[in-house]
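This report refers to the structure that appears directly beneath it.
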Amino acid sequence: MERPGTFADANATFEEAKFVIAGVPFDRTTSFRPGARFGPDSIRQHSWNFESYDLETGVDLSDVPIHDLGNAGEFGSAAEMVASVREELRPVYEAGKIPIVLGGDHACSPPVVEAHPDPSSLGVLYLDAHMDFRSSYLGDSRSHACSSRRIVERVGARNVVVLGVRSVSREEIDENKGIGMSFVTAHEVAREGIESAVQRALNMLKTERIYVSLDIDAIDPAYAAGTGTPEPFGLTPRDVKYAIGQVAPRLAGLDIMEVSPHYDNGNTSALAARLAREAIVRSVAAGHPH
Ligand code: MN
Ligand code: MN
């Protein structure tokens, strides 16, 4: 399956593009099993699996201007990665384009939000099995276990909703009592149905534009085993497809993190690639970006 190193259908120049793909092959803050550094290129490879025409929307991705920036450069520490990602992504927002960032562990998400010229104008839908709300983890405030906390510090607790959570420490719950980040658990989704759960989550986000951070472990390991910290009782791929479709008209940016391709036979990478493509076709079908 050797293919050119770009995301499929990413044929536009940066100037022409409405959507800009970027990879962040960084997994140094992974707390259980490593390998998410291989996520971006694996997702790119699997993106070539799909037809460019989308049956549901009628959008043909070969007609959509998409540019692939490639991967953010070499870095050592999480702090260096953060600086590099911010620098790389800022011009994307400034030019009015929608970034789609492929990770990498979840530590790679906060700098994508921080790169926005006005992060406090964003709502964030944070799909994850985990709360990621630790103030610091193993001495690193930039650990992937701290990512929703870092994002809350930039956009405000009222502008973040975690969807699909089912694994959290007592300390995270206790600390959040004074902070007030909203969350909708995977168990609630199973009880009430994804349509109601997504509606409820989006009603909490009052901003015009929404940034989506998708930790692939939000999805059940039965469908997405290729990840670092698999957690049972998760969302289905169709749940996440639906959520992305509902956000698409307001999409400010999307990341897909924690794909660790060596733990399965490619299914998780294919799913991640398909969800990235879903975000693009749904945005285009909704007439976005304007
Ligand atoms: Mn996460
Ligand atoms: Mn997670």
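The values are calculated or read from the model by the stated rules, or taken from the named source; none is laboratory data. Since this is a predicted model, take the numbers as computed values, not measurements. All Cβ positions, even for glycine, are placed from backbone atoms using ideal geometry, and neighbour counts span all protein chains on display.
Things to note:
- Considering residues of the stretch 159-185 that are of a type in the set (Gly, Ala, Ser) and over 17 Å from the mean Cα position of the chain (by Cα) only, the residue farthest from His106 (Cα to Cα): Gly178
- Within the stretch 193-236, if we keep just the residues that are β-branched (Val, Ile, Thr) and assigned to a helix (DSSP H, G or I), the residue that is surrounded by the fewest Cβ atoms within 10 Å (Cβ to Cβ) turns out to be Ile194.
- Residue check, Ala8 touching a residue at least 24 places away in the same chain (Cβ under 8 Å) and touching a Pro at 6+ places or on another chain (Cβ under 8 Å): no
Listed here are the residues, each with its yes/no results for (1) in contact with a His (Cβ under 7 Å, 6 or more places away or on another chain); (2) modelled with pLDDT of 95 or more; (3) away from ligand 2 (no atom under 16 Å from the Cβ).
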{"residue": "Gly58", "(1), (2), (3)": "no, yes, yes"}
{"residue": "Pro65", "(1), (2), (3)": "no, yes, yes"}
{"residue": "Val85", "(1), (2), (3)": "no, yes, yes"}
{"residue": "Ile100", "(1), (2), (3)": "no, yes, yes"}
{"residue": "Ala107", "(1), (2), (3)": "yes, yes, no"}
{"residue": "Tyr126", "(1), (2), (3)": "no, yes, no"}
{"residue": "Ser147", "(1), (2), (3)": "yes, yes, no"}
{"residue": "Val155", "(1), (2), (3)": "no, yes, yes"}
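- Tally, over the stretch 222-234, of residues that are within 11 Å of ligand 2 (Cβ to nearest atom) and not hydroxyl-bearing (Ser, Thr, Tyr): 5
- Within the stretch 89-107, tally of residues that are of a type outside the set (A, V, I, L, M, F, W, C) and farther than 23 Å from His144 by Cα: 5
- Boolean, Asp239 is charged (D, E, K, R) and either more than 24 Å from Val24 (Cβ to Cβ) or assigned to a loop (DSSP other than H, G, I, E, B) (or both): yes
- Each residue in the stretch 86-100 was checked for being closer than 20 Å to Ile280 by Cβ, of a type outside the set (Lys, Arg) and surrounded by 13 or more Cβ atoms within 10 Å (Cβ to Cβ), and 8 pass.
- Checklist (1) hydrophobic (A, V, I, L, M, F, W, C); (2) more than 24 Å from Met204 (Cβ to Cβ); (3) more than 14 Å from the chain's Cα centre (by Cα) applied to Phe133, failing item: (2)
- Filter pass, Lys206 being away from ligand 2 (no atom under 16 Å from the Cβ) and closer than 26 Å to Phe38 by Cβ: no
- For the stretch 254-270, the set of residues classified as surrounded by 23 or more Cβ atoms within 10 Å (Cβ to Cβ) and either within 15 Å of ligand 2 (Cβ to nearest atom) or not in a helix (DSSP H, G or I) (or both) consists of Leu254, Asp255, Ile256, Met257, Glu258, Val259, Ser260, Thr268, listed by residue number.
- Condition check for Leu138: hydrophobic (A, V, I, L, M, F, W, C) and either on the phi > 0 side of the Ramachandran plot or touching a His at 6+ places or on another chain (Cβ under 7 Å) (or both): yes
- All of Thr6, Thr30 fail the test of being assigned to a loop (DSSP other than H, G, I, E, B) and at pLDDT below 95, apart from Thr30.
- Verdict on Arg170 being surrounded by 16 or more Cβ atoms within 10 Å (Cβ to Cβ) and either farther than 24 Å from Ile100 by Cβ or in contact (Cβ under 8 Å) with a residue 60 or more places away in the chain (or both): no
- Among the residues making up the stretch 271-290, those that are in a helix (DSSP H, G or I) and not β-branched (Val, Ile, Thr) are Leu271, Ala272, Ala273, Arg274, Leu275, Ala276, Arg277, Glu278, Ala279, Arg282, Ser283, Ala285.
- Selection of the stretch 90-118 for residues being over 14 Å from the mean Cα position of the chain (by Cα), in a helix (DSSP H, G or I) and not acidic (Asp, Glu) yields Arg90, Pro91, Val92, Tyr93.
- Residues in the stretch 135-145 that are more than 15 Å from ligand 2 (Cβ to nearest atom) and either closer than 17 Å to His116 by Cβ or part of a loop (DSSP other than H, G, I, E, B) (or both): Ser135, Ser136, Leu138, Gly139, Ser141, Arg142.
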